[in-house]
Amino acid sequence: MATATSTPHRPALLGGPPAVTLDQQHANHWPIISDEDERAVLEVLRSGQLSVNDIVTELEQDYCRWLGVAHAVAHCNGTSAILAALHAFGIGPGDEVIVPSATYWASVTPVLHCGGIPVFAESEPQCLGLDPDDVRSRITDRTRAIVVVHLFGMPSRMDELLDIARRHDLRVLEDASHAHGARYHGRPIGTLADAAVFSMQTNKLCPAGEGGMFVTDDADLWEKVVRLGHYERVLGLQSPNRRFAATGFGLKLRMSPLNAAVARVQLSHLPRRNRRRNENVIALSRRLEDLGLQTFLAPQEVERVYFEFLVRYDETAGGLPMSDFVHALTAEGALVERPRYPLLHQQPLFTEGHWAAVARLVATPERALPVYDPHSLPRTETANGSLLKLPSFPRATGPLLDQYALAFEKTLKHADTLPRSTP
Ligand SMILES: Cc1ncc(COP(=O)(O)O)c(C=O)c1O
């Protein structure tokens, strides 16, 4: 076994030089905003049409062309687009929707605003999406839909999930907020199910600042989404829905044209910027895999993207408890964090029962309401606890990646001698 003093690569915590010394500000800065974005925003500003502007429909057409889908409706954010999709699916009081717990809250909470009941299912360890076997076991005669989240840019196991949905006549929504540009069996993510939603919040791969896109091939779903939150477009519909032109169905969910201007420019750069991230992250992943970390390289049928770069660290194999591992890597100058999504089924909204008031549901003698048990998803809980988030290196070059690999190598090699916070 190597000792701290016998190697030129002594860990920073044991007095060695930090591994990561190159600039990380530029390498990890996101979003990338250029003159092109600025010009596009100025053009909208100068037009004076800051509420309703053709640029929003142009962005929708961009999405339709890019994905090869029939309909797209831009929203003020991804959350509202998810609400609109579930409304269009007809989710109503007491309907059950199977959802992951390991995701951002907006994949789930719109279910409540439709009066529905989220049913949390386990995530699986390879792609981090819903576990098809567990989904199957949670289907009841009240189940109406599944929300699939392609977490961190890794497509979920869609073949199996779509097969379950077909057999049980369930709607499927792809929450593709993290997965702009990912593919599954060659098909773009966002085109595999009944409908999909993309977030365009600042951190996302196609950022607008704030924005969301609903996409579908189903004209009926599209009309329902338009009717719910885009009253100014209802008169343009060719169906009896036109009679709702004065009110829509009561919400106002349209996207701001200034955000659409940014999103159009960002979408045009998406393939090149995704490629650069992918090259960087995959190069580092291979080196981290050699060191024993699981980095979620895509299975064969999948082309994943990297909204975020997560790796799995096994404390037992690595030798250092997770918190000490993070501490040692941070001392090396690496920007590593624990993942930022707390598991949803463990949140007070659910465990303290407030969710029922949001969903306006009350228990009846015929039907009790579910009680959310924070320990009901042991596999998801364990898996989530072993994740570590790294930068996704949108503009990094090889030498910075080498330094990150060195930071991990030093830390793992000296795991036995590095300090522990608890003995
Ligand atoms: C998986 C997922 N779904 C939905 C959303 C909601 O999108 P928005 O923030 O645009 O409302 C997010 C946003 O961060 C997300 O990460």
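The values are calculated or read from the model by the stated rules, or taken from the named source; none is laboratory data. Bear in mind that the values here come from a model prediction, so they are computed numbers and not experimental data. Here the Cβ positions follow ideal geometry from the backbone for every residue, glycine too, while neighbour counts run over all protein chains shown. Just the protein is used for accessible areas: all its heavy atoms, side chains included, with ligands, DNA and RNA removed. Shrake-Rupley method; radii C 1.70, N 1.55, O 1.52, S 1.80 Å.
Data overview
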quantity	calculated
Electrostatic dipole magnitude of region 35-265 [Cβ: Lys, Arg +1; Asp, Glu -1; Cα centre; debye, to 20]	580
Whole-number percent relative contact order across region 302-423, with pairs defined as alpha carbons under 8 Å at least 6 apart	45
Backbone N under 17 Å from the residue 242 label point (7 Å along Cα→Cβ), restricted to region 186-224	223-224
Binned Cα-Cα distances of region 35-265, short to long, each 5 Å bin given as a whole percent	1, 7, 15, 19, 20, 16, 11, 6, 3, 1, 0, 0
Residue 402/residue 269 FRET efficiency (R0 25 Å; Cβ-Cβ; nearest 0.05)	0.40
Neighbourhood net charge (13 Å Cβ-Cβ; Lys/Arg +1, Asp/Glu -1) for residue 191	-1
Average accessible area per residue (Å²) across region 112-200 - probe 1.4 Å, nucleic acids and ligands excluded	32
For region 35-265: relative contact order, % (alpha-carbon pairs under 8 angstrom, 6 or more apart)	25
The chain: most fluctuating residue of 70, 81, 260 per GNM, C-alpha cutoff 10 Å	70
Cα gyration tensor shape for region 135-215, rounded if a/c is under 1.5, else prolate or oblate	prolate
Exposure rank, largest accessible area first [114, 206; 1.4 Å]	114, 206
Alpha-carbon radius of gyration plus Dmax, which is the widest Cα pair, for the chain in Å	23.1, 80
Label-to-label distance, nm, for residues given as residue 163 and residue 49 (7 Å Cα→Cβ offset)	4.9
Pairs of lysines in the chain (C-alpha under 28 Å apart; 8 or more residues apart or interchain)	6
Cα centroid separation, region 38-104 to region 294-350 (Å)	30
Listed residue (213, 18, 405) projecting farthest to the positive dipole end of the chain, Cβ model	213
For the chain, the longest site-free run once GluC sites (Glu not before Pro) in DSSP loop states with at most 10 other Cβ atoms within 10 Å are removed	1-351
Order of exposure, largest accessible area first, which applies to 410, 224, 252, 389 with probe 1.4 Å	252, 224, 389, 410
Simple label model, 7 Å out from Cα along Cβ direction - residue 57 to residue 300, nm	4.6
Size of electric dipole in region 70-203: Cβ of Lys, Arg +1 and of Asp, Glu -1, about Cα centre, debye, nearest 20	280
Region 3-108 - charge dipole about Cα centre, Lys and Arg +1 at Cβ, Asp and Glu -1, debye rounded to 20	480
Difference of contour (0.36 nm per residue) and Cα-Cα distance, residue 232 to residue 340	35.1 nm
For the chain: relative contact order, % (alpha-carbon pairs under 8 angstrom, 6 or more apart)	23
Cβ-based charge dipole, region 1-101, positive-most Cα from 101, 77, 87	101
